There are 6 protein chains.
Amino acid sequence: MKIAVFAGSFDPLTKGHEDIVRRALPLFDQIVVAFGNNSSKNYFFTLEERLHFAQLTFADCPQVKIDTYQMLTALYCQQLGAKFLLRGIRNAADFDYENTIAQLNRLIGEGVETVFLNTAAQHSYISSTIVREIIKGGEDPSKFLPAPVADYLRPKFTK
Amino acid sequence: MKIAVFAGSFDPLTKGHEDIVRRALPLFDQIVVAFGNNSSKNYFFTLEERLHFAQLTFADCPQVKIDTYQMLTALYCQQLGAKFLLRGIRNAADFDYENTIAQLNRLIGEGVETVFLNTAAQHSYISSTIVREIIKGGEDPSKFLPAPVADYLRPKFTK
Amino acid sequence: MKIAVFAGSFDPLTKGHEDIVRRALPLFDQIVVAFGNNSSKNYFFTLEERLHFAQLTFADCPQVKIDTYQMLTALYCQQLGAKFLLRGIRNAADFDYENTIAQLNRLIGEGVETVFLNTAAQHSYISSTIVREIIKGGEDPSKFLPAPVADYLRPKFTK
Amino acid sequence: MKIAVFAGSFDPLTKGHEDIVRRALPLFDQIVVAFGNNSSKNYFFTLEERLHFAQLTFADCPQVKIDTYQMLTALYCQQLGAKFLLRGIRNAADFDYENTIAQLNRLIGEGVETVFLNTAAQHSYISSTIVREIIKGGEDPSKFLPAPVADYLRPKFTK
Amino acid sequence: MKIAVFAGSFDPLTKGHEDIVRRALPLFDQIVVAFGNNSSKNYFFTLEERLHFAQLTFADCPQVKIDTYQMLTALYCQQLGAKFLLRGIRNAADFDYENTIAQLNRLIGEGVETVFLNTAAQHSYISSTIVREIIKGGEDPSKFLPAPVADYLRPKFTK
Amino acid sequence: MKIAVFAGSFDPLTKGHEDIVRRALPLFDQIVVAFGNNSSKNYFFTLEERLHFAQLTFADCPQVKIDTYQMLTALYCQQLGAKFLLRGIRNAADFDYENTIAQLNRLIGEGVETVFLNTAAQHSYISSTIVREIIKGGEDPSKFLPAPVADYLRPKFTK
């Protein structure tokens, strides 16, 4: 079974993340959206909320599993039997950063391969950081979120 | 069937190309090493030689097919029933270039998705251009070539 | 009068070029789409065709002028009384290239300032090179061209 | 009226910032140097000091206004009737970062356009971070500061 | 005497750092591995540990000195009579960052020149950050560390 | 003896090239400005002119030698007993290109190390290409050239 891990903190999951997973579905038998559980990090949304967003977003995709983990990502892949990591890349700066990590994961994970898709042009400026800034600014982030997440959050942004 | 096209002029095929194909094999049912046949371009090796190098290199891989084509790459993918293009990326400059083409191919190819692998660190400086320069300089390019290609060419570089 | 020069070979003018000019219109009193006439270069479309494409595209914009020139771009700006050059940037690689030229033009043009707009995300993969490749491949490049240019060229691509 | 917002924390305003504003003056009727007031951020200089530095620097420019704001930048532009954001770019890494934000602001701000100037070569290594490091190191940062700011701060750095 | 300063926090020193110093030895009469002592920063290893790692690593190199400093790096170079700073660069993003600092150090240090070596391809994904992550994940970071540092730390990672 | 090779076609030598060599002089006992003699390439200035420009520029530097070569650069270094290549880097795009070549030369040249200096900010937009464009445009390129080269060429650009 071809399993890919799409790891992150997804704080929150964006339309960009959703698009990468959906475009990668034909490549894999299973994609695990995996929340790295880092207790020393401050998150904007709780783990429960972030998991819920992922469940809502991929409710129609039996191939997508949601999970959490607390070890090195490459070891988590090995434990899961996942031979692939999935990453989206927006621009050159992203690549330089992701390339370093991917080289490392191949070494630590004894062959865990990172598969990169480029972010679709129309999503290339979306990031979790930007969604959080918009929410902090009291504005509606709907157009950057997966439809079910936007629906779920909308009541909070309409006064 | 999951088919990926690895398109290029492969003038000649390098160890870097070989590594990308071999690392991508677990992802696909078939990888087509496809030589874009551009009659207006000057090649260092003839099409026959370049095809032969690919056949030698992937003789042990029944999943790998060798082919030539003369149309837009995205249309060739569609004709073949290939939903994926495969590309290796060495650095940030490569990404900016490849990203543009991949966005285009997704549009023209009606969803043809480009799958990027990063070049293995130890191959990150190998390119066909560099191999040609070494050969023009009268030196032995063996360490940059797939083993069977190096064996085939070696007699020409030992005096 | 605030005049900007948008210089290039526009072989052919694309939707990306059109978008940069239209988005820059509120900044300037006049934008001159200026064709650098380089007799040693081989063009795909003739100068007449390329000028005609620009005239069709900006027929509704009295602020846009079409012109040709044969000197250094910075000097052409000075002769015209244009204090600004206009450039679109798609990615990091574009910036490194354009930055060098802009620093130079400021020096040679005695203060000619280059104003950069970023390419709209949805046009970030369009270039004249790509349009020419599509045409050479016998396909219809309409979606990458300004509407009147697409209309003009369409008869040639429908058999 | 053509209004541009030059937003930042300017902690402190540098010669690089000053140069971008002065070079952009011929483009706009008004440039608003706007201090994003983020109460959760720690600043080196107080808001009062930072505003004072801007007032000193642009005392000779009636076109330049100094302001503070607490909302999303794109919304602040709309409230002000400013159709443009002004940004300086030093290098490729800057562009990748700024491009993302500019795409977003165009969307949120319903057409707010970001105008990029390249940093003048001789200022390309100046940043507020670097000025703060120099001050923390007990050295005189005068050559990186607008002349009136350097004059104002100099007594503190001469023993 | 040609002295170069290789400054950093080396938290911890990696095989990448070691390689840069060893490859630079033929260039200089002395290389000073200099620990910037920043009391406001949180380190993973204590200063004593970090210094000890450097001493272990370069025990066989009489040309290498280990030191700490608390002032601006360029001024430390001047005080030491060092005309050179030594830096390793892994990728384009590193260069944009390091270039800015090097331009500044040349100015503040009145001619202190930064000499860049590229990171060897096989070390291009190693960084202190990554080593710390591996240790936090409870794994053995030996293959990213200088041999004597790996030997020293190994007992802590074998249960 | 520490010998560095500064290789190129120098068509023509610019102020940027001169600056890199002069700033590198304290590092080496000898710097060889080496003209790669590529008979299939079209040059703007003849080899004689290009050599003469280098001799004029470095007439005051007994440490600088001028030479030509026709083999792979790394092998030329070995034949000369030069352990170092010297390169100037202007920006991120330059680094990605030069890094690849330097990794290769270290391998082919059995340890030939490439030493990179960053281009001084005020020269970061100068290149031989730009000088040739200025000359083709009938303008005086003096400010981009070493003083003696500018003096030598000036009569040709004053009418």
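Remarks
- Enumeration of residues in region C:9-34 that are outside any helix (DSSP H, G or I) and on the phi < 0 side of the Ramachandran plot: C:9, C:11, C:12, C:13, C:14, C:28, C:29, C:30, C:31, C:32, C:33, C:34
- Those residues of region B:54-72 which are open to solvent by 40 Å² or more (accessible area, probe 1.4 Å), out of contact with any strand residue (DSSP E or B) (no Cβ under 9 Å at 6 or more places or on another chain) and in contact (Cβ under 8 Å) with a residue 24 or more places away in the chain, in sequence order: B:56, B:59
Every residue, every condition in (1) modelled with pLDDT of 95 or more; (2) open to solvent by less than 10 Å² (accessible area, probe 1.4 Å); (3) touching a Pro at 6+ places or on another chain (Cβ under 9 Å), yes or no:
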| position | (1), (2), (3) |
| --- | --- |
| F:5 | yes, yes, no |
| F:21 | yes, yes, no |
| F:42 | no, no, no |
| F:52 | yes, no, no |
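- Subset of region E:96-123 (residues that are assigned to a helix (DSSP H, G or I) and touching a residue at least 40 places away in the same chain (Cβ under 8 Å)): E:123
- Note on region B:135-148: residues that are at the interface with another protein chain (Cβ under 7 Å from one of its Cβ atoms) and without any contact (Cβ under 8 Å) to a residue 12 or more places away in the chain total 1.
- For region B:102-134, taking the residues that are among the charged types (D, E, K, R) and farther than 24 Å from residue C:131 by Cβ, the one that is farthest from the other protein chains (Cβ to nearest Cβ) is identified as B:132.
- Residue check for residue E:126: out of contact with any strand residue (DSSP E or B) (no Cβ under 8 Å at 6 or more places or on another chain), open to solvent by 10 Å² or more (accessible area, probe 1.4 Å), in contact (Cβ under 8 Å) with a residue 40 or more places away in the chain and part of a helix (DSSP H, G or I): no
- Filtered residues of region A:35-72 (kept if among the hydrophobic types (A, V, I, L, M, F, W, C) and not in a helix (DSSP H, G or I)): A:35, A:44, A:45, A:58, A:59, A:61, A:64, A:66, A:71, A:72
- Matching option when the condition is among the hydroxyl-bearing types (Ser, Thr, Tyr), within 26 Å of residue A:113 (Cα to Cα) and at pLDDT 90 or above, among B:114, B:129: B:114
- Looking only at region D:73-95, and only at residues there that are open to solvent by 10 Å² or more (accessible area, probe 1.4 Å) and assigned to a helix (DSSP H, G or I), the one that is nearest to the other protein chains (Cβ to nearest Cβ): D:93
- Near pairs, Cβ below 6 angstrom, 6+ apart or cross-chain, from region E:29-52 (under 15 Å from residue E:70 (Cβ atoms) and in contact (Cβ under 8 Å) with a residue 24 or more places away in the chain) to any residue that is open to solvent by 20 Å² or more (accessible area, probe 1.4 Å) and not in a helix (DSSP H, G or I): E:32/E:65; E:32/E:67; E:34/E:67; E:34/E:69; E:35/E:68; E:37/E:68; E:37/E:70
- Among the candidates F:97, F:76, F:43, the residue that is touching a Phe, Trp or Tyr at 6+ places or on another chain (Cβ under 6 Å) and aromatic (Phe, Trp, Tyr) is uniquely F:76.
- Near pairs, Cβ below 7 angstrom, 6+ apart or cross-chain, from region B:74-86 (within 15 Å of residue B:103 (Cα to Cα) and without any contact (Cβ under 8 Å) to a residue 40 or more places away in the chain) to any residue that is β-branched (Val, Ile, Thr) and part of a loop (DSSP other than H, G, I, E, B): B:74/B:112
- Residue match in region D:38-54 (condition: among the polar types (S, T, N, Q) and within 14 Å of the chain's Cα centre (by Cα)): no
- Every condition in (1) out of contact with any Leu (no Cβ under 8 Å at 6 or more places or on another chain); (2) more than 9 Å from chain F (Cβ to nearest Cβ); (3) of a type outside the set (Phe, Trp, Tyr); (4) more than 27 Å from residue E:148 (Cβ to Cβ) is met by residue E:55 except one, and the failing one is (4).
- Scanning region C:39-76 for residues that are among the hydroxyl-bearing types (Ser, Thr, Tyr), under 19 Å from residue C:114 (Cα atoms) and touching an Asp or Glu at 6+ places or on another chain (Cβ under 9 Å) yields a single hit, C:76.
The values are calculated or read from the model by the stated rules, or taken from the named source; none is laboratory data. Everything numeric in this text was worked out from a predicted model, so none of it was measured. Cβ coordinates were reconstructed from backbone atoms using ideal geometry, including for glycine residues, and neighbour counts include every protein chain displayed. Note: areas computed on protein heavy atoms with side chains; ligands, DNA, RNA excluded. Shrake-Rupley method; radii C 1.70, N 1.55, O 1.52, S 1.80 Å.
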